[in-house]
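All remarks here apply to the structure that follows.
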Amino acid sequence: MTKVGFIGLGVMGTPMAAHLAGAGHDVSGFDLSADALAKLTAAGGRAAADVADAVAEADVVITMLPDHPQVEQVVLAPGGVLDAVKPGTLLADMSTIRPETSIAVAKAGALKGIRVLDAPVSGGQAGAEQAALSIMVGGEADDFEAARPLFEALGKTIVHVGPHGAGQVVKAANQLVVGGIYGLVAEAIVLLEASGVDAGTGLDVLAGGLAGSRILELKRKSMVARQFQPGFRIDLHHKDMGIALAAARQADVALPMTGLVAQLVAAGRAMGYGSLDHSALLKVVEGVSGR
Ligand code: NAD
């Protein structure tokens, strides 16, 4: 049994914290939302009064927050995680944020004797609910091994990918692939429907061939039915495309298709779809075809 402090109980954090509590760990969680705290209590965790209360006794702290400003606030600000935990505590930030913030958090943690991993995830809400996430971890190998039993309660593919920040670079690569596939599935639907072919039937065939993917498997029916409740919001994917393009600039490489997909995602946000699921890229592609 590990004492876990869990900060950020949203779409992803709520089922993840519930799995840890269900696996017998002692989970204290905090979120700004009272509803989220009630769900944690219902799942067998303890609703803490604030960040410090959630993490003070923890052996491992997990953060699952929207973006780097929230991670900086929760972890680095006075009264945050690094102030409140015991020396030797392990912090696994599972949020998707820019690699340089992960590296800065790891350095700040090291100054206080706190071990830090960046451990972003892929698999979406379904992956979180089914404890089937892919977890890509940057940091020291022995810290990864220490955290592995907790990760195993959350995911199926759990890989140490390199030093601090490397987990976030792998996640950026994941997000540009996911965005590209959504864009192309959207284009396939628009083409099929405009040509008078049933899109659901057409995508069923695609899903069984070389074009098959988890996105086609999980999302083709909801996309054809125009069901876009998140899931993963376009706003968050916009953030992730920005991370991918910044990482490309840092690595001095050109990612032309990623640039195009980033603009489609930005258009979705500008068109007012930011709070819809990222599969709502279909609405953007329909828009540019006048449909
Ligand atoms: P979310 O917005 O549903 O959840 C974030 C939670 O953090 C919210 O409940 C919010 O109240 C809480 N929060 C924000 N600031 C806080 C603070 N200062 N103190 C305490 N709590 C605070 O987001 P999500 O979809 O769960 O995503 C979380 C992270 O995981 C993001 O970085 C996202 O990019 C990544 N991610 C999401 C998915 C997905 O399918 N939703 C998949 C993979 C990765």
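The values are calculated or read from the model by the stated rules, or taken from the named source; none is laboratory data. Everything quoted here is computed from the prediction, not taken from an experiment. Cβ: placed from backbone, ideal geometry, glycine included. Neighbour counts: every protein chain shown.
Remark: residue 168 matches the filter, which requires a residue to be of a type in the set (S, T, N, Q) and within 12 Å of the ligand (Cβ to nearest atom).
In this structure, is residue 121 within 11 Å of the ligand (Cβ to nearest atom), outside the structural domain of residue 234 (by TED's automatic domain parsing) and touching a helix residue (DSSP H, G or I) at 6+ places or on another chain (Cβ under 6 Å)? No. Residues that are within 11 Å of the ligand (Cβ to nearest atom), touching a His at 6+ places or on another chain (Cβ under 9 Å) and in a helix (DSSP H, G or I) within segment 220-237 comprise 236, 237, listed in sequence order.
Of all the numbered requirements in (1) in a loop (DSSP other than H, G, I, E, B); (2) of a type in the set (Asp, Glu); (3) within 15 Å of the ligand (Cβ to nearest atom), residue 72 misses one, and that requirement is (1). Which residues, taken from segment 28-37, are within 12 Å of the ligand (Cβ to nearest atom), over 16 Å from residue 70 (Cα atoms) and surrounded by 12 or more Cβ atoms within 10 Å (Cβ to Cβ)? Result: 36, 37. Screening residue 139 on (1) within 15 Å of the ligand (Cβ to nearest atom); (2) surrounded by 23 or more Cβ atoms within 10 Å (Cβ to Cβ); (3) at positive phi shows it passes everything except condition (1).
Can residue 63 be described as closer than 22 Å to residue 138 by Cβ, away from the ligand (no atom under 14 Å from the Cβ) and among the polar types (S, T, N, Q)? When the stated conditions are applied, residue 63 does not pass them. Cβ-Cβ contacts under 7 Å between residues 6 or more apart (or on different chains), taken from a first residue in segment 15-39 that is over 17 Å from residue 149 (Cα atoms) to a second residue that is at pLDDT 95 or above and of a type in the set (Ser, Thr, Tyr), are listed as 36/14; 39/14. Return a yes/no flag: does segment 249-272 have any residue that is under 22 Å from residue 129 (Cα atoms) and either crowded, with 18+ Cβ neighbours inside 10 Å or within 16 Å of the ligand (Cβ to nearest atom) (or both). No, segment 249-272 has no match at all.
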